[in-house]
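The block underneath contains the structure these notes are about, expressed in structure tokens.
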Ligand SMILES: *Cc1c(COP(=O)(O)O)cnc(C)c1O
């Protein structure tokens, strides 16, 4: 059996262990310490300097705290992109609120601004104004944030931006994660950089971020004894994980260029190939190309994305169907949905290909060899 080729695996830069060792040497083995502060400063600088950052235990925790800070409560409705990973939507349920799913457009595969406005109008007509909007930068491709922010401003609904897959992506230089009132990042093991597990909440409003830190450390009031006037959470990032994060920040731009180079190699080889299409960056958009994704149009290609996935799997190569839309998930059956067929088409025909920044040319040659045999069929 050939060695496993992963979809997206951790890729250390080398200096992570220096920061982790420092944490051990100084006994900062806790969910606070110099690495947590340093990692937050690194991120804030990277996001453009105006943003404040709270380092957390996961992106999911960031989305949960984001909803709490936007005052989402039981019985409220929150608009969420349907074409996403479940962690975008689960925190809505944690709050006892109801997600309202919105379909994608075909340029970026993210939330359709037209359907967003339709959904807002319809929910208001039904007597309930949505409390928040969660767009996602899926696979690193920025959502149409100018259009989405314009609609959100017009209806005065705050945006909680799920930038878990979009660290380093931007539109005309403005970083993903800095468009919404609150942005959320993830450093899970499969993301473009990792802290083994972790996340962050980003906002221009320093008080909001301070409130996120407070809630993430059990909402302890200022008192010598433990006193609480609010329900708190244990969502802070550990100083060990933050040490990994500081090392990873030193190579973030390199990782982005490596991921983009992987994407370019697929495009060079398969752009225009029978039945295969890629998703290009709209003018001014910059994707970190966290994952390279393709659509296989079975009528033209003569095979399905599942045929290709199974052929890759046979050679011990991991690939994965595009994320199954939330409105199709059994757990969200019966949830309101504003659709146009796009996310269902993407799920039916889309495949994520091995995209790691640590893929070797030999790895890619193995992937290409399988894709070539499918093309020749
Ligand atoms: C990974 C991911 C999350 C959750 O991040 P974790 O750090 O794994 O909790 C949220 N949304 C999207 C779109 C993701 O890909």
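The values are calculated or read from the model by the stated rules, or taken from the named source; none is laboratory data. Please read these numbers as outputs of a predicted model, since none were measured by experiment. Heads up, the Cβs are rebuilt from the backbone with ideal geometry, glycines too, and the neighbour counts pull from every protein chain shown.
Given the condition in the same structural domain as residue 217 (by TED's automatic domain parsing), surrounded by fewer than 24 Cβ atoms within 10 Å (Cβ to Cβ) and more than 17 Å from the chain's Cα centre (by Cα), answer yes or no: does some residue in region 183-198 qualify?
So far as region 183-198 goes, no, none of its residues is in the same structural domain as residue 217 (by TED's automatic domain parsing), surrounded by fewer than 24 Cβ atoms within 10 Å (Cβ to Cβ) and more than 17 Å from the chain's Cα centre (by Cα).
Condition first: under 14 Å from the mean Cα position of the chain (by Cα) and either more than 9 Å from the ligand (Cβ to nearest atom) or more than 25 Å from residue 7 (Cα to Cα) (or both). Now tell me which residues in region 199-215 satisfy that. Step through it out loud before you land on a result.
First, the residues of region 199-215 that are under 14 Å from the mean Cα position of the chain (by Cα): 199-202.
Once the filter is applied, which keeps residues that are under 14 Å from the mean Cα position of the chain (by Cα) and either more than 9 Å from the ligand (Cβ to nearest atom) or more than 25 Å from residue 7 (Cα to Cα) (or both), region 199-215 yields 200, 201, 202.
Go through region 19-46 and count every residue that is under 30 Å from residue 173 (Cα atoms) and surrounded by fewer than 16 Cβ atoms within 10 Å (Cβ to Cβ). Step through it out loud before you land on a result.
The initial filter retains those residues of region 19-46 that are under 30 Å from residue 173 (Cα atoms), namely 19, 34-46.
Next cut, surrounded by fewer than 16 Cβ atoms within 10 Å (Cβ to Cβ) only: 37, 41, 45.
Selection size over region 19-46: 3.
May I ask you to verify whether residue 294 is touching a residue at least 24 places away in the same chain (Cβ under 8 Å), assigned to a helix (DSSP H, G or I) and crowded, with 16+ Cβ neighbours inside 10 Å? Can you show your working first?
Numbers: touching a residue at least 24 places away in the same chain (Cβ under 8 Å): yes; assigned to a helix (DSSP H, G or I): no; crowded, with 16+ Cβ neighbours inside 10 Å: yes.
For residue 294, the condition - touching a residue at least 24 places away in the same chain (Cβ under 8 Å), assigned to a helix (DSSP H, G or I) and crowded, with 16+ Cβ neighbours inside 10 Å - is not met.
Would you mind telling me which numbered condition in (1) more than 20 Å from residue 144 (Cα to Cα); (2) surrounded by 20 or more Cβ atoms within 10 Å (Cβ to Cβ); (3) in contact with a helix residue (DSSP H, G or I) (Cβ under 6 Å, 6 or more places away or on another chain) residue 303 fails?
All conditions are met except number (2).
Checking residue 62 against (1) more than 14 Å from the ligand (Cβ to nearest atom); (2) on the phi < 0 side of the Ramachandran plot, only one condition comes out false. Which one?
(1)
When you go through (1) touching a helix residue (DSSP H, G or I) at 6+ places or on another chain (Cβ under 7 Å); (2) over 20 Å from residue 108 (Cα atoms); (3) not in a helix (DSSP H, G or I) one by one for residue 289, which number turns out not to apply?
(2)
Sort through 40, 105 and tell me the only one that's within 22 Å of the chain's Cα centre (by Cα) and more than 30 Å from residue 333 (Cα to Cα).
Working: 105 fails: more than 30 Å from residue 333 (Cα to Cα).
Sole residue among the options that is within 22 Å of the chain's Cα centre (by Cα) and more than 30 Å from residue 333 (Cα to Cα): 40.
Of all residues being loosely packed, with under 15 Cβ neighbours inside 10 Å and within 10 Å of residue 68 (Cβ to Cβ) in region 216-235, which is farthest from the chain's Cα centre (by Cα)? Just the residue, please.
Within region 216-235, the match that is farthest from the chain's Cα centre (by Cα) is 230.
Could we say that residue 277 is over 26 Å from residue 166 (Cα atoms) and in contact with a strand residue (DSSP E or B) (Cβ under 9 Å, 6 or more places away or on another chain) here?
On the way: over 26 Å from residue 166 (Cα atoms): no; in contact with a strand residue (DSSP E or B) (Cβ under 9 Å, 6 or more places away or on another chain): yes.
So residue 277 does not fit the description; no.
Within region 103-123, is even one residue without any contact (Cβ under 8 Å) to a residue 12 or more places away in the chain, away from the ligand (no atom under 14 Å from the Cβ), surrounded by fewer than 24 Cβ atoms within 10 Å (Cβ to Cβ) and in a helix (DSSP H, G or I)? Before you say what the answer is, go through the steps one by one.
The first filter runs over region 103-123 and keeps only residues without any contact (Cβ under 8 Å) to a residue 12 or more places away in the chain, leaving 114, 121.
Those left that are additionally away from the ligand (no atom under 14 Å from the Cβ): 114, 121.
Subsequent filtering for residues that are surrounded by fewer than 24 Cβ atoms within 10 Å (Cβ to Cβ) retains 114, 121.
Going one step further and asking which of them are in a helix (DSSP H, G or I), we end up with 114, 121.
Yes; the residues of region 103-123 include at least one that is without any contact (Cβ under 8 Å) to a residue 12 or more places away in the chain, away from the ligand (no atom under 14 Å from the Cβ), surrounded by fewer than 24 Cβ atoms within 10 Å (Cβ to Cβ) and in a helix (DSSP H, G or I).
Taking the stated definitions as given, is residue 212 touching a strand residue (DSSP E or B) at 6+ places or on another chain (Cβ under 6 Å) and either outside any loop (DSSP other than H, G, I, E, B) or buried (at least 18 other Cβ atoms within 10 Å of the Cβ) (or both)? Lay out the reasoning, then the answer.
Numbers: touching a strand residue (DSSP E or B) at 6+ places or on another chain (Cβ under 6 Å): yes; either outside any loop (DSSP other than H, G, I, E, B) or buried (at least 18 other Cβ atoms within 10 Å of the Cβ) (or both): yes.
Criteria met by residue 212.
For region 220-236, how many residues are under 13 Å from residue 56 (Cα atoms) and either out of contact with any helix residue (DSSP H, G or I) (no Cβ under 6 Å at 6 or more places or on another chain) or not assigned by TED's automatic domain parsing to the domain that holds residue 197 (or both)?
To start, the set of residues in region 220-236 that are under 13 Å from residue 56 (Cα atoms) comprises 233-236.
From the residues that got through so far, the ones that are either out of contact with any helix residue (DSSP H, G or I) (no Cβ under 6 Å at 6 or more places or on another chain) or not assigned by TED's automatic domain parsing to the domain that holds residue 197 (or both) too are 234.
Residues meeting the conditions: 1.
Mind telling me which of the residues 346, 351 ends up being under 20 Å from residue 290 (Cβ atoms) and assigned to a helix (DSSP H, G or I)? Don't jump to the end; show me each part of the working.
Values: 351 fails: assigned to a helix (DSSP H, G or I).
That would be 346, the only listed residue that is under 20 Å from residue 290 (Cβ atoms) and assigned to a helix (DSSP H, G or I).
Assess whether residue 340 counts as being at pLDDT 95 or above, more than 21 Å from the chain's Cα centre (by Cα) and part of a loop (DSSP other than H, G, I, E, B).
yes
Do we find a residue being buried (at least 22 other Cβ atoms within 10 Å of the Cβ) and away from the ligand (no atom under 16 Å from the Cβ) anywhere in region 88-101? Can you show your working first?
Filtering region 88-101 for residues buried (at least 22 other Cβ atoms within 10 Å of the Cβ) gives 88-89, 91-92, 99-101.
In the following step, the residues that additionally are away from the ligand (no atom under 16 Å from the Cβ) were identified as 100.
Yes, region 88-101 has at least one match.
Within region 74-87, take every residue that is touching a residue at least 40 places away in the same chain (Cβ under 8 Å) and more than 13 Å from the ligand (Cβ to nearest atom) and give me the one that is surrounded by the fewest Cβ atoms within 10 Å (Cβ to Cβ).
Of all residues in region 74-87, those touching a residue at least 40 places away in the same chain (Cβ under 8 Å) come to 76-87.
From what is left, the residues that are more than 13 Å from the ligand (Cβ to nearest atom) are 76-79.
Details: 76: 19, 77: 21, 78: 23, 79: 27.
Only one residue fits best here, namely 76.
Mind counting the residues in region 141-185 that are in a loop (DSSP other than H, G, I, E, B), within 21 Å of residue 8 (Cβ to Cβ) and either away from the ligand (no atom under 15 Å from the Cβ) or in contact with a helix residue (DSSP H, G or I) (Cβ under 6 Å, 6 or more places away or on another chain) (or both)? Walk me through it before giving the result.
Applying the first criterion (in a loop (DSSP other than H, G, I, E, B)) to region 141-185 yields 141-144, 155-158, 163-169, 172-173, 176-181.
Cutting the leftovers down to within 21 Å of residue 8 (Cβ to Cβ) gives us 141-143, 163-169, 176-177.
Next, from what is left, pick out any that are either away from the ligand (no atom under 15 Å from the Cβ) or in contact with a helix residue (DSSP H, G or I) (Cβ under 6 Å, 6 or more places away or on another chain) (or both): 164-166, 168-169.
Residues that pass the stated criteria total 5.
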